[in-house]
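Reviewing the structure listed below.
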Amino acid sequence: MCRTDAPNQTEVKVIGAKRLQNGGVVYELNNPEAATWLCKEKTDFTKHFGGASVIKDKTVSIIAEYIPIAHNTDVLGENRIIK
């Protein structure tokens, strides 16, 4: 269990792990802030797993039709309308 440097001291926990066929492991973290912390602290996290460990960012592409060009993704109300 790790702690972030954020003022609210959110706990970072791994709540799930999946072993891949290529020998890799995909970790599921408890919240988006934990994932943000992990991206910032990659070297500290991987040093506990040996020299061959690598963290890869996973991106997911989506296609959303009929979304206004000026859509503000930070407004929760607009996201609920789209869903």
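Want the number for Glu28 to Ile67: 0.36 nm per residue separation, take away the alpha-carbon distance, what's left? Display every interim value, and only then the final one.
Values: separation 39, 0.36 × 39 = 14.04 nm, distance 2.94 nm.
Stretched fully, the Glu28-Ile67 segment lengthens by 11.1 nm.
Could you sort Asp44, Asp57, Asp74 by their accessible area in this structure, using a 1.4 Å probe and putting the largest first? Don't skip to the end; give the middle numbers.
Numbers: Asp44 75, Asp57 105, Asp74 130 Å².
Highest to lowest solvent-accessible surface, that is Asp74, Asp57, Asp44.
Going by amide H atoms built from the backbone, whose H comes under 5 Å of the H on Val12, apart from near neighbours?
Those qualifying (amide H under 5 Å, at least 5 residues apart or on another chain) are Cys2, Thr4.
The values are calculated or read from the model by the stated rules, or taken from the named source; none is laboratory data. Keep in mind that this is a model prediction, so the values were computed, not measured. We work out accessible area using only protein heavy atoms, side chains counted, and drop any ligands, DNA or RNA first. Shrake-Rupley method; radii C 1.70, N 1.55, O 1.52, S 1.80 Å.
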